[in-house]
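The values are calculated or read from the model by the stated rules, or taken from the named source; none is laboratory data. From a predicted model like this one, the values you see are computed outputs, not experimental measurements. We work out accessible area using only protein heavy atoms, side chains counted, and drop any ligands, DNA or RNA first. Shrake-Rupley method; radii C 1.70, N 1.55, O 1.52, S 1.80 Å.
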Amino acid sequence: MSESGRIPVPLRLCRGCRRFVRIENELCDFCGEDLAALEAAHAANAAEIRALTEALRAAIAEAKAGGA
């Protein structure tokens, strides 16, 4: 448990090993990966997933409209 009145250290998630490291780190203390590169790759993957999800929703809506 933290001490009363103590401010917690700001942390960020390593997208490689999923552990938390200090926000100012450039490399993960645990897996040694470049945190900025991992975050950029994660953001690109998330954008691709969002685009595919929207395409799927549109295809489902079109199929429903055509079958009704």
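Just a few scattered comments:
- Matching residues in segment 15-64 - criterion: being open to solvent by 60 Å² or more (accessible area, probe 1.4 Å), among the β-branched types (Val, Ile, Thr) and outside any helix (DSSP H, G or I): Ile23
- Number of the exception - Pro8 against (1) open to solvent by less than 60 Å² (accessible area, probe 1.4 Å); (2) part of a loop (DSSP other than H, G, I, E, B): (1)
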